[in-house]
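The values are calculated or read from the model by the stated rules, or taken from the named source; none is laboratory data. Only a predicted model underlies this, so the values are computations on that prediction, with no experimental measurement involved. Because the Cβ atoms are built from the backbone with ideal geometry, glycine has one as well, and the counts that use them run over all protein chains shown.
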Amino acid sequence: MGEGLTEAEIVVWKVAVGDVVTLNQALVDIETAKATVELPSPYAGEILTLHGEPGDIVEVGQPLVTVRVAGDSAPASEVPARTAVLVGYGVETEAGPARRQHRRSGAPAPLPLPTPPTSPPRHSPRSTPPIRLAAKQNGVSLDAMTGTGPNGLITRHDLEAFLAGPRLTTPAAIATPVTDLPFAGQQLASWHEGPREERIPVRGVTRSMVEAMVTSAFTAPHAAAWLRVDVTKMVELIAALRSRPALGSLRVTALTVAALAVCDAARHYPGLNSSFDEASNEIIVRRSVALGIAAATPRGLVVPSVKRADELDLISMARALTELIDVTREGRATVADLTGTTITITNVGPFGVDGAMPILPPGTTAIFAMGQIVKSPWVDGDQVVVRDVMELTLSFDHRVIDGALASRAVAHVGAFLHDPAPALLVG
Amino acid sequence: MLEEQLVQLLSPEGERVTHAQYPTTLNTDEIIALYRDMVIVRRLCNESTSLQRQGQLALWAPLQGQEAAQIGAGRALRTRDFSFPSYREHGVAWCRGISPAEILRLFRQVSHGGWDPQKYRHSVPTIVIGNQALNAVGYAMGVQRDGADEATMVFFGDGATSQGDVNEAFVWAAAFNAPVVFFVQNNQWAISEPTVRQSRIPLYRRAEGFGFPGIRVDGNDVLAVYEVASAALQLAREGGGPTLIEAYTYRMGAHTTSDDPTRYRFDADVEAWKHRDPIERVKAYLVRTQHITAAALTAINEEADVLAMELREAVLAMDGPDPLSIFDHVYADQHPLIDAGRQEMIDLGLGGVR
């Protein structure tokens, strides 16, 4: 049935006691950790006994079926029934006549199976990979089942019995899909595992997010402008760049290009790269970009920034973003990394949404949101064509930036993303 | 597009196709003989799979779907040519005159090889992926130095083309213009890794970079494989140097009896390839052109069944080797550690009668 296997589970019998089978007729489907396979009969004859039910685990070497070989006229009781056995790695354990001789003449007895530890209890219930997969596919947890196989092993039969059973009356047994998306800086317990009501202290990154959003939302009057952009050329350019050996492991993505586009827009419209100082009633215009990238991390939302981003070319931008994102994801970002942002990009595309209207990080006046890039019908002249399209949104502080500047800025970044090659080459 | 690149002489529907460079040289009897070969090796393969499932073989590497590639190439070899297989070339072994039982000795684990390579001019199976390509080129270079009128053919799979050994073999073969034919059966799957993940270009085009011709043949068309392989072998015998033949085919079954292809590929792909079956298309051709009778088709199937039963009996009768033979052939000469190991086995009573 496969190399290195010690056991298999009976999936379904294809014959019944009393059936007359031919040589190589399919007897049974068995499932191992590697594969589901059909076992063909090694003998022609009558089925006398099936040594197991669907769901049973059969060890290699254990009898599976007894066949009275055709042509033997003596009554069954006098005929030594031949027994087919499951065989794992090699022919050493099979019970064919040629091999019996060797076993009798001094082959070492099989070692006893190690006794499973009784304590501490196993963290996950004992089962086989196919059953684990089947349980997962059915959205149920093995924790809720009782194993009837050897050493409490959960068999296919157990799973099927569980699935057929009255699950709705025991809600605790229903496994809820657990999301890997953190909430409030932690991994929430699943719907049934967690308490009815849970209070989560607001600390750390979550607290920073709360303060930043409240400060920004209730001091800066937010407005937004957006544009759908045909980014087909950019997609093609990125694909072409990725095959360049010089890039090595650097990730050139739509974000890399957008970062350069936003820096270029800031150079053309420095008003985007400013902040409003309420205390002195002044607008501070900065002629150096600290480009913030909104990042969802296991601990919460943070906005690390690439300093002096306006001085970077494509390669150095790709490198800077790769490093910044890696450092942030690993929780190694420094205070300097996480402060000083002058203008921000949030890339919501990977989450599968078309667009978003983000809230500004406090102390900034412009944040661009990139939606997902999707193949869409696009009117080119009088033709409807399929293009890669992305929605670009600019949220801005309307105290500082008016609609005209915002629109020009969105159009500028949009034009850069639509055809990045000339802008990348000559700025 | 695929069809345009392939050399094909018999369509999947069994219609004859003409090809400017490769006219068919086979007469009806020869085509029927190829059909018989394919039916027999498929039947023997099915029996071998059953024997493995019944615990009589440790492992089996089925060839289903690749019968035309193996029989076409195997029958193109001349008696004096030398061939180097991987572990799936049961069809080639059959063509070389090796008995089915001898083929199974390795899979029964009673032998490290199974036959005398010199007797059949066919090396024992190489399990290490692609290693035989270097062996074959070295052998071909020897043939070249002997000035013999022989060709060497080496068989490997698409996965092996990602191996260093195969690429080194290409370099050596090109550098020395060795009389070798590289025969890659592109069955689309290196266990669970599809060919498209391993090569950006069709495999046959790799040859151009090494400086020798490459050609892609419909690996499910036994007539085309035979002609393409014959021409490449003749080129090698005449001093024309190496050729890479890519037989474009599909592994219909598992990689070996130890894996489950339904876990990594789609049934729809397999279904599509069923319509390209190598045996059915020859049968369709022979029946439509009334070159074969129903009785003759039945006789071939019955012959295959008889061979399968003979194979089963032979396998069941195979006894294991003397345990002490494990120490043989480790070193050409005596070695004190090997001698000590052998003696230890004897002292423990684990040896046979020696």
TODO: Please enumerate the residues belonging to the range B:197-254 that are touching a Gly at 6+ places or on another chain (Cβ under 9 Å) and part of a strand (DSSP E or B).
DONE: B:V217, B:T243, B:L244, B:I245, B:E246, B:A247, B:Y248
Open item on the list: Being among the β-branched types (V, I, T) and in contact (Cβ under 8 Å) with a residue 60 or more places away in the chain is the filter here; which residues of the range B:267-286 pass it?
Closed with: B:I279, B:V282
- [ ] Could you list, in sequence order, all residues of the range B:332-354 that are of a type in the set (G, A, S), loosely packed, with under 15 Cβ neighbours inside 10 Å and within 11 Å of chain A (Cβ to nearest Cβ)?
- [x] B:G349, B:G352
TODO: Name the one entry in B:D165, B:D158 that is closer than 15 Å to B:I245 by Cα, at pLDDT 95 or above and assigned by TED's automatic domain parsing to the domain that holds B:G114.
DONE: B:D158
TODO: Can you give me the number of residues within the range B:310-331 that are in a loop (DSSP other than H, G, I, E, B) and more than 9 Å from chain A (Cβ to nearest Cβ)?
DONE: 6
TODO: Name every residue in the range A:28-55 that is outside any loop (DSSP other than H, G, I, E, B) and in contact (Cβ under 8 Å) with a residue 40 or more places away in the chain, in order of residue number.
DONE: A:I30, A:E31, A:T36, A:L39
Open item on the list: Here are the criteria: (1) within 30 Å of B:R36 (Cα to Cα); (2) without any contact (Cβ under 8 Å) to a residue 12 or more places away in the chain; (3) of a type in the set (A, V, I, L, M). Tell me which single one B:M318 does not satisfy.
Closed with: (2)
- [ ] Would you please list the contacts, defined by Cβ atoms under 8 Å and residues six or more apart or on different chains, that run from a residue in the range A:1-26 that is within 23 Å of B:R108 (Cβ to Cβ) and within 14 Å of chain B (Cβ to nearest Cβ) to a residue that is part of a loop (DSSP other than H, G, I, E, B) and of a type in the set (D, E)?
- [x] A:G2/B:D259
TODO: List the number of the failed condition for B:G65; all other conditions in (1) out of contact with any strand residue (DSSP E or B) (no Cβ under 9 Å at 6 or more places or on another chain); (2) crowded, with 24+ Cβ neighbours inside 10 Å; (3) within 12 Å of another protein chain (Cβ to nearest Cβ) hold.
DONE: (3)
Task: Where B:T79 falls short, out of the listed (1) in contact with a helix residue (DSSP H, G or I) (Cβ under 7 Å, 6 or more places away or on another chain); (2) over 29 Å from A:P42 (Cα atoms); (3) not charged (D, E, K, R) - done: (1)
TODO: Select, from B:A148, B:A173, B:A178, the only residue that is out of contact with any strand residue (DSSP E or B) (no Cβ under 9 Å at 6 or more places or on another chain) and either part of a loop (DSSP other than H, G, I, E, B) or crowded, with 24+ Cβ neighbours inside 10 Å (or both).
DONE: B:A148
